[in-house]
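*Asks:* This is the structure, below, for whatever I ask next.
The values are calculated or read from the model by the stated rules, or taken from the named source; none is laboratory data. This is a predicted model, so every value here is computed, not measured. As a convention, Cβ positions derive from the backbone with ideal geometry for all residues, glycine included, and neighbour counts pool all protein chains shown.
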Amino acid sequence: MLTIETIEKLKTALKPLKMQGKSIGFVPTMGFLHQGHLSLIEQSIADNPITVVSIFVNPAQFQPNMDLDRYPRDLARDTALLEKAGVDFLFFPDVTEIYPENYQTWVEVYQLTDLLDGASRAGYFKGICTIVLKLFNIVQPDKTYFGQKDIQQARVIQKMIADLHLDIDLKILPIIRENDGLAMSSRNSYLNEKDRKIAPLLYKALCEAEKRFEQGEHRANKLIQIVHSILSQESAFIIDYIDIVDANTLQRVEQVTNTAYLALAVDLHGTRLIDNTQYL
Ligand code: PAF
């Protein structure tokens, strides 16, 4: 695996491979890799002769009081995991390479960002769309891979690809969970032992709602209530949102009649945890 830190060097390395017609798979990450990232990378390697992974903790998607400075980083461990997985290129740029002085251009997707994380994290998706479009322009991938765990992110990037006529196929892959159901996330490393034991309640609540849906409860407010009442049993959770949204529009639905997501976000002693399950 080649680790490349500059845009110019990465473009130079990829150009002859593109000329040979080799399809390029791309997995953007912020590092501190776990099995969720590795599942995306494994799919890219299975689908494409060349796989590029980026590690860039993107300051533009962190709100002023969020965890930019303490976001977990371990390049040596990440590099070893990527080597072992068989990745061809790691792109690891510095902040100044991506956002040089006097940087002024931003990308926004509107309606899909109205709810969920878009509603509670000002500028979050603007930061994500901007970095992802920049990375797409640098790597020029044929295929890219995102996880269902950040379902709003995946749908927003899909919309950006369609609206901006990018020739990139985006695949959304299933959430990878710990044995106790907690969705894998780099931020899980913030949890102390006690909170780590509390966190799987999120998935238990989602499963309970899913069970009730299968038993015939299709009213969104009732399904949300089920999740809410289970999470309320644990006073450490501060609920940010619990919503059921249509899979295409990401707007609220009253009845679950088409593909939808029950998505939630909570704060657990300063750690933001998100999760979702798909209906239909
Ligand atoms: O999901 C992430 O890790 C980030 O939001 C992404 C897509 C790498 C953009 O910074």
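*Asks:* Restricting to segment 21-50, name every residue that is within 15 Å of the ligand (Cβ to nearest atom), touching a strand residue (DSSP E or B) at 6+ places or on another chain (Cβ under 7 Å) and farther than 30 Å from Gln104 by Cβ.
*Replies:* Once the filter is applied, which keeps residues that are within 15 Å of the ligand (Cβ to nearest atom), touching a strand residue (DSSP E or B) at 6+ places or on another chain (Cβ under 7 Å) and farther than 30 Å from Gln104 by Cβ, segment 21-50 yields Gly25, Gly36, His37, Ser39, Leu40, Ile41, Ser44.
*Asks:* Further question on the same structure: Check whether at least one residue in segment 88-107 is touching a strand residue (DSSP E or B) at 6+ places or on another chain (Cβ under 8 Å) and away from the ligand (no atom under 14 Å from the Cβ), and report yes or no.
*Replies:* Checked against the condition, which is being touching a strand residue (DSSP E or B) at 6+ places or on another chain (Cβ under 8 Å) and away from the ligand (no atom under 14 Å from the Cβ), segment 88-107 yields at least one hit.
*Asks:* How many residues are part of a helix (DSSP H, G or I) and farther than 20 Å from Leu223 by Cα if we restrict to segment 190-212?
*Replies:* Residues flagged as part of a helix (DSSP H, G or I) and farther than 20 Å from Leu223 by Cα within segment 190-212 amount to 7.
Matching residues to (1) over 27 Å from Tyr261 (Cβ atoms); (2) in contact (Cβ under 8 Å) with a residue 24 or more places away in the chain; (3) in contact with a Phe, Trp or Tyr (Cβ under 8 Å, 6 or more places away or on another chain):
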{"site": "Asn48", "(1), (2), (3)": "yes, yes, no"}
{"site": "Asp78", "(1), (2), (3)": "yes, yes, yes"}
{"site": "Ala85", "(1), (2), (3)": "yes, yes, no"}
{"site": "Phe92", "(1), (2), (3)": "yes, yes, yes"}
{"site": "Asn102", "(1), (2), (3)": "yes, no, no"}
{"site": "Asp117", "(1), (2), (3)": "no, yes, yes"}
{"site": "Val139", "(1), (2), (3)": "yes, yes, yes"}
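*Asks:* Condition check: more than 9 Å from the ligand (Cβ to nearest atom), crowded, with 19+ Cβ neighbours inside 10 Å, in contact (Cβ under 8 Å) with a residue 60 or more places away in the chain and farther than 20 Å from Ser186 by Cα. Does Leu135 satisfy that?
*Replies:* So Leu135 fails the test.
*Asks:* Scan segment 233-242 and tell me whether some residue there is within 22 Å of Ile176 (Cα to Cα) and within 21 Å of the chain's Cα centre (by Cα).
*Replies:* Yes, there is a match, as at least one residue in segment 233-242 is within 22 Å of Ile176 (Cα to Cα) and within 21 Å of the chain's Cα centre (by Cα).
*Asks:* Can I ask one more? How many of the residues in segment 102-139 are under 22 Å from Ile41 (Cα atoms) and touching a Lys or Arg at 6+ places or on another chain (Cβ under 7 Å)?
*Replies:* 1
*Asks:* Also: Among Asp267, Asp246, which is loosely packed, with under 15 Cβ neighbours inside 10 Å and under 19 Å from the mean Cα position of the chain (by Cα)?
*Replies:* One residue alone meets the criteria, Asp267.
*Asks:* Any idea which residue in segment 143-165 is farthest from the ligand (Cβ to nearest atom), counting only those that are under 19 Å from Val53 (Cα atoms) and over 11 Å from the mean Cα position of the chain (by Cα)?
*Replies:* By that ranking, first place goes to Lys143.
*Asks:* Only one of these is of a type in the set (Ser, Thr, Tyr), modelled with pLDDT of 95 or more and under 22 Å from the mean Cα position of the chain (by Cα): Thr12, Thr51. Name it.
*Replies:* Thr51
*Asks:* Now a separate question. From the list Asp117, Asp142, Asp180, exactly one residue is among the acidic types (Asp, Glu), under 23 Å from Phe32 (Cβ atoms) and buried (at least 16 other Cβ atoms within 10 Å of the Cβ). Which is it?
*Replies:* Of the residues listed, the single one that is among the acidic types (Asp, Glu), under 23 Å from Phe32 (Cβ atoms) and buried (at least 16 other Cβ atoms within 10 Å of the Cβ) is Asp117.
*Asks:* Still on this structure: Enumerate the pairs (first residue in segment 205-222 and among the basic types (Lys, Arg); second residue anywhere and assigned to a helix (DSSP H, G or I) and buried (at least 17 other Cβ atoms within 10 Å of the Cβ)) with beta-carbon separation below 6 Å, excluding pairs fewer than 6 apart on the same chain, so at least 6 apart or on different chains.
*Replies:* Arg212/Ile226
*Asks:* Between a residue in segment 143-156 that is closer than 20 Å to Gly181 by Cα and any residue that is part of a strand (DSSP E or B) and among the small types (Gly, Ala, Ser), which pairs come within a Cβ distance under 7 Å, given they are 6 or more apart or on different chains?
*Replies:* If the second residue must be part of a strand (DSSP E or B) and among the small types (Gly, Ala, Ser), the pairs left are Lys149/Ala183; Ile151/Ala263.
*Asks:* With the condition kept exactly as written, say whether any residue in segment 173-189 is touching a Gly at 6+ places or on another chain (Cβ under 7 Å), of a type in the set (A, V, I, L, M, F, W, C) and not in a loop (DSSP other than H, G, I, E, B).
*Replies:* The answer is yes, given that some residue of segment 173-189 is touching a Gly at 6+ places or on another chain (Cβ under 7 Å), of a type in the set (A, V, I, L, M, F, W, C) and not in a loop (DSSP other than H, G, I, E, B).
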